[in-house]
Every structure is written in structure tokens, then in C-alpha cells.
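The values are calculated or read from the model by the stated rules, or taken from the named source; none is laboratory data. This one's a predicted model, so the numbers in the text were calculated from it and none came from an experiment. All Cβ positions, even for glycine, are placed from backbone atoms using ideal geometry, and neighbour counts span all protein chains on display.
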Amino acid sequence: MANVELTNLTKRFGDTTVVQPATLSIAAGEFVVLVGPSGCGKSTLLRMTAGLETPSAGTVAIGGRDVTDAPPATRGVAMVFQSYALYPHLSVADNIAFPLKIARLPKAEIAQRVREAAAMLDLTDLLSRKPRALSGGQRQRVSIARAIVRQPQVLLLDEPLSNLDTGLRARMRHEFARLHQQLGMTMIYVTHDQLEAMTLANRIVVMHRGRIEQVGAPLDVYRRPASLAVAEAIGSPGMNLLPATIVERHADGASVRTGDGAVVRTLAQVPVHAAGTVVTLGVRPEHLLPDRDGPFVGAVELFERLGPLSFAHLGRRSDAGAIVAQLPGDRAVHLGEVLRFAVPPADTHLFAPDGSAYPLTPPPSNPVR
Ligand SMILES: Nc1ncnc2c1ncn2[C@@H]1O[C@H](COP(=O)(O)OP(=O)(O)OP(=O)(O)O)[C@@H](O)[C@H]1O
Ligand SMILES: [Mg+2]
């Protein structure tokens, strides 16, 4: 187990900066998940940590040691990729043993460690097979076994499950949670999958255009996205984001008018002369409550029934912004039906023209009943 300190870590390719100076402290044993849209720099940040990419500036320290200029093999890290990259001509056992043979460990110890890693990933019965005789999930388990067999201090994973089907992903997600508990390794994990990010992470790091936008516990990031980019990156289906204009500032928030003329109360603390500012109102699908007088209205264009809950997609004027509302699974809805919703002020988000979230007035801590 080792901590990881990235300090002003930067990557430029020619004139383009793909990772802006990134500073991040990861505690020993922590499970950190990196999320963000395609091309935002997640893999590049991970590869600089592993030593597979040379930083343009900044430093990487692992376990208190500056490894910025150290070759990958001496950093105490192992990396698992989206494509498993197994040696096709080697058996599962030899694939797992490979890094240990390179490191010239004694034969008996290699055999022992391969047995342990295989048992941990449920591969014991497959040790003599060749990769081509394995399923996708089994192959990915072999590549994970090969990564942990060296007993790295830090395990880096770049979308390790994205080639697998949904069922297998769910099982592997549990495997990672268990592996992390068992080995207590520091893990940095890149994913596009909301469930993986929310369930596996001790902390989520949201990246956008090469910048770290927000770092926090999954629920904190979900509940209080610091910017539009974070609001867009976290949650599935995503937060409804509607163009709006500030109409009035109140002692405990602000009212905004949406594109279709509805006025919505928020707890956003806006500047004194903010009236007239064009902003973005954010509301998560589960916070839209059916309300006959509610400000959000539209005809159902698409209805997704998932079982325990459903999502109604409301068709609206194009400048008003689309709305998705979460409904109970047993709610009967027909296409074209007009639905109306309201949102409690405490469940709104308001984003300034530069994309940053306005601070929210905290709810009274001791409400008088
Ligand atoms: N060798 C390279 N030369 C030039 N540009 C590169 C190079 N490698 C990556 N990039 C660019 O750097 C940016 C960040 O790439 P990176 O692979 O880190 O993104 P990512 O967040 O991992 O995306 P994805 O989710 O699609 O995997 C991209 O715009 C990419 O095109
Ligand atoms: Mg990537």
C-alpha cells in the first residue's frame, strides 16, 4: 500500500495541453475513480502515473518517493487496460507468471504466487488453457491476475470492464470491491460507467477538457456538482439542464425564468445585480415531483419502464430544453399525455454563465416544528 501524490502534473502534445496542471493526493489504500467525457485526459493522467507517458511538467510521488523520472517497472505500480493484451501462445498460468519470470523470482515462489492470484480471481480451473479458449470476462480476470501477482503498491485500471457485457460487468464490479478489501491496494480506476464510479469509489475525480473539475465522495459530487461539466458527467439519466434567466434575488436564493416562461424558486446565492443574467437551471429526474400547478410541463414523447421505476421524456419547445422525469414503476402513462412537475427549491442547481455552480443557501439546521 502506498499513497500517490500528483503535483502540477501536466501533459502537452505540441501546442495542445491535454492535461492541465493536475494536483491530487491519493491516500494509501484509497479507491479513486476518474470520470469525464471522452478525450478529457483520463488515460493520459493514468499513463503518466504509471510512467508510460513522460509528463511535460510536474511530479509523481508514490509512497513518498519521487518517481517522476523512474521507469515504470520500478514504481511499484501495475496497470490493467481495456484490451487484455494476453500472450496468445502462453497458457493462463504462464501469462500470470510472466512478470515474475521477467523479475527472475525463484520457481517455487512463482508457482506459489500464481496459485494465489488464480484462486483470488477464480481461475484455478483454467490455468492450463490458452487465452483463445477463454471468454472475455475470463481473459480480463487473467490480465488482472497478471497485474496483481507482482503485488504492486498501486493498481491502475483503464476502463477494465468496458469490453464486457452487462451481467459480467456487474460481477466484475463486485470482484473489484472484494479485491480492494482483500488486498487493501491503492487503486486508480478510469470508467465511463456511472454504477462503477458511484459504487466502487471512495472518491470520484471528475475531469473535463484536461482539468480536474471536482474531487469528492460519490454522493457529495452527485448532490453538489461544482460545475456544469460535473453535472453532465455524473448521473444516469443525466441532470436536466435548462436555459434560464435570473428574475429576482431573495434573501435565501433566487428565482429564475425558464425558456417556456415558468418561474422557479432556487436556493442559489447569486450576486446583487444578477437579475437578467442568463444561467442554467439543473434538476435531476428524481427531483421532479408531479404537481398540477408545477412550472415544468410537456407531453410524453418517450416512456421507459425499467421495472422499479420509469422515465418520462417530455417534448417541449426547442428553446425550453428537454426534460426527463422519474416516475414510479407502476405509474401508467400514455404517449402524448401532458405531465406537470414541480421541484423543491432545495433540489435545484443553478450554474453561472461560466459554468460554475452558485453556492446554495444551506437549509436551516434546526427547523422549528
Ligand atoms: N500521442 C498523442 N499525441 C497527440 N495527442 C494525444 C496523444 N495521446 C492522446 N492525445 C490527445 O489527448 C487527449 C486526451 O486523451 P486521453 O486518451 O487521455 O483521453 P481519455 O479521457 O482517456 O478519453 P477516452 O475516454 O476516450 O479514453 C485527447 O484529445 C487525445 O486526442
Ligand atoms: Mg482513455
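Taking the range 17-26 as the search range and keeping residues that are surrounded by 15 or more Cβ atoms within 10 Å (Cβ to Cβ) and away from ligand 2 (no atom under 16 Å from the Cβ), which one is farthest from the chain's Cα centre (by Cα)? Per the criteria, the residue is Thr17.
Looking at the structure I just gave you, is Leu90 assigned to a loop (DSSP other than H, G, I, E, B), within 21 Å of Ser143 (Cα to Cα) and within 16 Å of ligand 1 (Cβ to nearest atom)? Spelling it out, it is not the case that Leu90 is assigned to a loop (DSSP other than H, G, I, E, B), within 21 Å of Ser143 (Cα to Cα) and within 16 Å of ligand 1 (Cβ to nearest atom). Within the range 77-91, can you find the residues that are out of contact with any strand residue (DSSP E or B) (no Cβ under 6 Å at 6 or more places or on another chain) and more than 16 Å from ligand 2 (Cβ to nearest atom)? Within the range 77-91, Leu86, Tyr87, Pro88, His89, Leu90, Ser91 meet the criteria. The residues of the range 114-130 include none that are farther than 19 Å from Arg178 by Cβ and at pLDDT below 95.
If you go through the range 129-167 and pick out every residue that is within 19 Å of the chain's Cα centre (by Cα), among the polar types (S, T, N, Q) and closer than 26 Å to Leu45 by Cα, you end up with 2. Only one of the listed residues (Gly14, Gly39, Gly29) is free of Cβ contacts under 8 Å to residues at least 24 places away in the same chain and away from ligand 2 (no atom under 16 Å from the Cβ). That residue is Gly14. Only one entry in Arg173, Arg209 is closer than 16 Å to Asp122 by Cβ and surrounded by fewer than 20 Cβ atoms within 10 Å (Cβ to Cβ), namely Arg173. Listed by position, the strands (runs of 3 or more DSSP E) enclosed by the range 10-70 that each have at least 1 residues that are away from ligand 1 (no atom under 16 Å from the Cβ), of a type outside the set (A, V, I, L, M, F, W, C) and under 20 Å from Asn202 (Cβ atoms) are 16-26. Suppose the filter is crowded, with 16+ Cβ neighbours inside 10 Å and either over 30 Å from the mean Cα position of the chain (by Cα) or not in a helix (DSSP H, G or I) (or both); does Leu105 pass it? In short, yes.
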